[in-house]
Amino acid sequence: MSNYAEWLGRSETVRDTASRLVASRMAGLLDRAAPADGDPWPPAWTWALFWPAMPHSEAGPDGHPARGEFLPPVHLPRRMWAGSTIAIEKPLVVGEEVCRTSTIVNILEKTGRSGALVFVTVDHVIEGTAGGLMRESQRIAYREAATPGSPGSTPQAGSGPGFEPQWQDRVEPDALLLFQYSAVTYNTHRIHYDYPYATEVEGYPGLVVHGPLTATLLMELLSKNLPGRAVSSFNITAMRPLFAIAPFELAGRQDGDRFQLVALNAANEIAMQIEGRLA
């Protein structure tokens, strides 16, 4: 067990603008019309904001900023987004200047089927000059490198979404889509664009679809089928990665003011699930 106590409570504040240019780029990769200045900023698009202009010389082996600055120097090589819980008190709007204060609130070490794990929880408070206010509790998972035949390395026949879908869609991920999302979010993690690194170093079967991209596609399924409906809160759980080697399915349904969304891999396993409430 490592001593990460000195990282608990560490905080940083960054500023950005929810610009129409970034909104247009997000809309482009999603093949939808771009919102105009003053329109609500979709909550899943917030991951396109606040990315630092990392100096090339400060990148770690995985492409992320070297560990030990804001985030703790976790020794495990594989970093994944495990999910987030998001509350929208007042939506941000396109063109609004925004500020995000991030605080490390929990670091948990444990052992799972795949070996050692470290979970880091970072709470974000996002405020806009026009009154927008969002809160996100983000969970980051660090894991050991994959080994052939390790538990979970081979997809098993899944049981589907666990509910009767009202809406469904199919996504065929490719390297271009992953590049576009990496570019608009300034995500330098090599598992999303460096095939030799993803397969030979981290042991994945192909390029990894960004967890936030999957969540964004799921929230797009919701907004496409419930146009004009605002969301007050939602919880995202990333259960297993998706890869740009096979299509995956999106499914969702609404029950009153609540909604459920899932992404299913080629084996019909749940890769991600979202449960939330409409405003």
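Every number in this text was worked out from the coordinates using simple rules, so none of it is lab data. What you are looking at is a predicted structure, and each value in this text was computed from that prediction instead of being measured. All Cβ positions, even for glycine, are placed from backbone atoms using ideal geometry, and neighbour counts span all protein chains on display.
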### Task
Identify the GluC sites (Glu not before Pro) of segment 64-108 meeting these criteria: DSSP loop state and at most 15 other C-beta atoms within 10 Å of the C-beta.
GLU69
### Task
Could you let me know the centre-to-centre spacing of segment 51-79 and segment 218-276, using Cα atoms, in angstrom?
29 Å
### Summary
Of the residues ALA53, PHE179, ILE236, the Cα lying farthest along the dipole of the chain towards its positive end, which is defined by charges on the beta carbon of Lys, Arg, Asp and Glu, belongs to ILE236
### Query
So how far apart, in nm, are the two label points at ALA183 and TRP51 if each is 7 Å from Cα heading toward Cβ?
1.1 nm
## Note on the structure
CD proxy, 222 nm, the chain: helix-only mean residue ellipticity via -39,500 (n - 2.57) per DSSP H run with n ≥ 4, per residue, nearest 500, stands at -4000 deg cm²/dmol
### Message
Given points 7 Å out from each Cα along the Cα-Cβ axis, report the ASP194 to SER11 separation in nanometres with one decimal.
### Response
3.4 nm
#### Entry: In sequence order, calculated HN-Hα J values of segment 175-183 (Karplus, 6.51, -1.76, 1.60; Hz; x Gly/Pro)
4, 5, 4, 5, 5, 4, 5, 4, 5
### Task
Over the chain, calculate the relative contact order: mean separation of alpha carbon pairs under 8 Å at least 6 apart, over the residue count, as a percent.
19 percent
#### Entry: Amide H partners (placed H, <5 Å) of LYS90, local residues excluded
LEU133
### Query
Here are several values of Rg and Dmax of the Cα atoms in Å: (i) 18.3, 52; (ii) 21.3, 69; (iii) 17.3, 47. Which one was derived from the coordinates shown?
(i)
### Query
Rounded, prolate or oblate: which fits segment 46-138 when a ≥ b ≥ c are the square roots of the eigenvalues of the alpha-carbon gyration tensor, with rounded for a/c under 1.5 and prolate only if a/b beats b/c?
oblate
### Query
How do HIS75, HIS189, HIS56 rank when sorted from fewest to most other Cβ atoms within 10 Å of their own Cβ?
HIS56, HIS75, HIS189
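Contour minus end-to-end for LEU108 and ALA66, with contour as 0.36 nm per residue of separation and end-to-end as the Cα-Cα distance?
Extending this stretch completely gives an extra 13.1 nm.
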### Message
Test of understanding: in a Gaussian network model of the chain with alpha carbons linked when under 10 Å, which of ARG143, ARG229, ARG25 would top the mean-square fluctuation ranking?
### Response
ARG229
### Message
Quick one: 3J(HN,Hα) in Hz for segment 15-32, Karplus 6.51/-1.76/1.60 with θ = phi - 60°, rounded, Gly and Pro as x.
### Response
10, 7, 10, 6, 6, 5, 5, 5, 4, 5, 5, 5, 4, x, 5, 9, 6, 9
### Message
For PHE243, what residues show an amide H to amide H distance below 5 Å, using hydrogens built from the backbone and excluding near sequence neighbours?
### Response
VAL209
### Task
Classify segment 1-95 as rounded, prolate or oblate from the Cα gyration tensor: take a ≥ b ≥ c as the square roots of its eigenvalues, call it rounded if a/c is under 1.5, otherwise prolate when a/b beats b/c and oblate if not.
prolate
### Message
Within 10 Å, Cβ to Cβ, of ASN265, how many net charges do the neighbouring residues add up to if Lys/Arg are +1 and Asp/Glu are -1?
### Response
-1
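Please give the contour-minus-distance gain from THR101 to LEU133: 0.36 nm per residue of separation, less the Cα-Cα distance, rounded to one decimal in nm.
10.4 nm
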